[in-house]
Amino acid sequence: MGRVAAIVPAAGRGRRVGAAVNKLLLPLAGRPVLAHTLAAFQAAPSVDEVILVAGREDLDACRRLLANESFDKVSAVVPGGAERQDSVARGLEALGDDVEIVLVHDGARPLVPVDLIEASVREARRRGAVVAALPVKDTVKLVAPEGAVRETPDRRACFAAQTPQAFRADVLRRAIAWARAAGFAGTDEASLVEKSGGRVQVIPGREENIKITTPDDFILAEVLLARRAGAANGGRGAFGGGAGVPAESGTWRGVTTVRVGFGYDVHALVEGRRLVLGGVDIPFDKGLAGHSDADVLTHALMDALLGAAGLGDIGRRFPDTDERYRGADSIGLLERVVELLEREGWRPGNADLTLVAQRPRLAGHVPAMRERLAAALRVPPARVNIKATTTEGLGFAGRGEGIAAYAVAVLRQCC
Ligand code: MG
């Protein structure tokens, strides 16, 4: 079978939500709306590739968002066009000829269930063009511009179209080419196929697959996300404690929260030891004394993570009286801390670290430390910030007797 690609138009100023920025970049349960949307396609087994289409003014913000996430299926961020179908056409141009099925999905539908994506792909292979849709609950009126009702169509025949809409690539390419030639602009891709004489099959959409358009939609989406997190937790936590009461699992009135922790560590500089900082061996005539490899930076980070989760400190987890930890690789211990956090329902968000050392010069080693620590935390390097400072010759660090490290880390609740 050929490849499956998703085109996600993320254009749209948030005029209706009253925001000056693109509403898809606004936070929903602590993460941009668009990140939730992309996470669904990242998790969908049948999807090979994702093209993000954004307005020119949002390209940088979208690239920053991607740098903070691990969406390796996103192969390109392309600038959008004047109309939605122009944006989708730009996305199509970025795809290879080996793509068999193209999904088009609104960036503003962050709650799209993975199984709806899978069903859309399956049905598009059979039918050529499918759209997820739900029967409307309200009676629909066709209304003239001056406000008079023109017609009341039979409600049983009325469906509200959602996305994803899924197409065989040749069907979508033909429909867009027809629309361009005919000067037709549709509000969804299925309408281009219909107008050009093609057949589009409806498959059942989902109530939870809402489109975020107004400020109230953010509130509804956060409640739906919390319900989903609660279901994933075996029913624990989503609304634990009731409205207005903080729940044990880290939710507050259905909104996912973050936790912050702080860590501090010092080791003495002595002759005859390696100097290991952030998992990186640094050439120097002295190294740090300690039971393990004495990686003071990684130790401060572990304490910040354990502190955020309320799990004590590394002294309690990996005591220096325990022979198993003699000469231990602190990066290995950090990986164990991350596993422990995950079992407790937490994932690292970001970390900000400061090393305090008079000598050696550390700035040149920072990128390598950042890579190692980010890999152990299983986050992109952009989420780990490392600063190195001296103390202008003051105190133990200034006299070269030791190195200190400070760390702040944020944890996010796993969903
Ligand atoms: Mg230590």
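Output the residue which, of all residues in region 265-274 that are without any contact (Cβ under 8 Å) to a residue 24 or more places away in the chain and either on the phi < 0 side of the Ramachandran plot or within 12 Å of the ligand (Cβ to nearest atom) (or both), is least open to solvent (accessible area, probe 1.4 Å).
Taking region 265-274 first, the residues without any contact (Cβ under 8 Å) to a residue 24 or more places away in the chain are 270-274.
Then keep just the ones that are either on the phi < 0 side of the Ramachandran plot or within 12 Å of the ligand (Cβ to nearest atom) (or both); that gives 270-271, 273-274.
Working: VAL270: 50, GLU271: 136, ARG273: 85, ARG274: 137 Å².
Going through the qualifying residues, I end up with VAL270.
Being closer than 18 Å to ALA407 by Cβ and small (Gly, Ala, Ser) is the filter here, so list the residues in region 333-362 that pass it.
Residues of region 333-362 closer than 18 Å to ALA407 by Cβ: 333-338, 340-341, 346-357, 362.
Answer for region 333-362, where residues must be closer than 18 Å to ALA407 by Cβ and small (Gly, Ala, Ser): GLY349, ALA351, ALA357.
Pick out the one residue from ARG317, ARG259 that is modelled with pLDDT under 95, within 13 Å of the ligand (Cβ to nearest atom) and of a type in the set (Lys, Arg). Walk me through how you get there before you give the answer.
Details: ARG259 fails: within 13 Å of the ligand (Cβ to nearest atom).
Matching residue, one of ARG317, ARG259: ARG317.
Confirm whether ALA35 is small (Gly, Ala, Ser), under 29 Å from PRO348 (Cβ atoms), in a strand (DSSP E or B) and at pLDDT 90 or above.
No: the conditions fail for ALA35.
Take ALA328 and decide whether it is at pLDDT 95 or above, small (Gly, Ala, Ser) and either open to solvent by less than 20 Å² (accessible area, probe 1.4 Å) or out of contact with any strand residue (DSSP E or B) (no Cβ under 9 Å at 6 or more places or on another chain) (or both).
Numbers: at pLDDT 95 or above: no; small (Gly, Ala, Ser): yes; either open to solvent by less than 20 Å² (accessible area, probe 1.4 Å) or out of contact with any strand residue (DSSP E or B) (no Cβ under 9 Å at 6 or more places or on another chain) (or both): yes.
When the stated conditions are applied, ALA328 does not pass them.
Which one of LEU355, LEU301 is surrounded by 19 or more Cβ atoms within 10 Å (Cβ to Cβ), within 19 Å of ALA382 (Cα to Cα), within 12 Å of the ligand (Cβ to nearest atom) and in contact (Cβ under 8 Å) with a residue 40 or more places away in the chain? Steps first, answer last, please.
Values: LEU355 fails: within 12 Å of the ligand (Cβ to nearest atom).
Testing whether each residue is surrounded by 19 or more Cβ atoms within 10 Å (Cβ to Cβ), within 19 Å of ALA382 (Cα to Cα), within 12 Å of the ligand (Cβ to nearest atom) and in contact (Cβ under 8 Å) with a residue 40 or more places away in the chain leaves just LEU301.
Of the conditions (1) more than 27 Å from VAL379 (Cβ to Cβ); (2) assigned to a loop (DSSP other than H, G, I, E, B); (3) open to solvent by less than 30 Å² (accessible area, probe 1.4 Å), VAL47 clears all except one; give me its number.
Status for VAL47: all satisfied but (1).
Cβ contacts < 6 Å: first residue at pLDDT below 95, restricted to region 275-295; second residue in a loop (DSSP other than H, G, I, E, B) and near the ligand (Cβ under 10 Å from one of its atoms), any location; separation 6+ or different chain. Result?
HIS291/ASP320
Checking the structure you have, find out if any residue of region 130-145 is over 30 Å from ALA231 (Cβ atoms) and either open to solvent by less than 40 Å² (accessible area, probe 1.4 Å) or within 31 Å of the chain's Cα centre (by Cα) (or both).
Yes, region 130-145 contains a residue that is over 30 Å from ALA231 (Cβ atoms) and either open to solvent by less than 40 Å² (accessible area, probe 1.4 Å) or within 31 Å of the chain's Cα centre (by Cα) (or both).
Those residues that are part of a loop (DSSP other than H, G, I, E, B) and either open to solvent by 40 Å² or more (accessible area, probe 1.4 Å) or hydrophobic (A, V, I, L, M, F, W, C) (or both), I need them from region 103-129; list them, please. Lay out the reasoning, then the answer.
Residues of region 103-129 part of a loop (DSSP other than H, G, I, E, B): 105-113, 128.
Matches in region 103-129: ALA108, LEU111, VAL112.
Out of (1) in contact with a Leu (Cβ under 6 Å, 6 or more places away or on another chain); (2) within 16 Å of the ligand (Cβ to nearest atom), the odd one out for TRP346 is which?
(2)
Can you name every one of the strands (runs of 3 or more DSSP E) wholly within region 133-239 that holds 2 or more residues which are without any contact (Cβ under 8 Å) to a residue 60 or more places away in the chain? Steps first, please.
Details: elements: 149-151, 159-168, 201-204.
Once the strands (runs of 3 or more DSSP E) in region 133-239 are filtered for at least 2 residues that are without any contact (Cβ under 8 Å) to a residue 60 or more places away in the chain, what remains is 149-151, 159-168.
Within region 279-288, is even one residue acidic (Asp, Glu), more than 11 Å from the ligand (Cβ to nearest atom) and touching a Lys or Arg at 6+ places or on another chain (Cβ under 9 Å)?
So in region 279-288, the residues acidic (Asp, Glu) come out as 281, 285.
Applying the additional criterion that residues be more than 11 Å from the ligand (Cβ to nearest atom) yields 281, 285.
Of the ones still in play, those that are also touching a Lys or Arg at 6+ places or on another chain (Cβ under 9 Å) are 281.
Yes - at least one qualifying residue is present in region 279-288.
The values are calculated or read from the model by the stated rules, or taken from the named source; none is laboratory data. All values reported here derive from a predicted model rather than from experimental measurement. Reconstructed Cβ throughout: ideal geometry from the backbone, glycine too, with neighbour counts over all protein chains shown. Note: accessible area is taken over every heavy atom of the protein model, side chains too, but ligands, DNA and RNA are not part of it. Shrake-Rupley method; radii C 1.70, N 1.55, O 1.52, S 1.80 Å.
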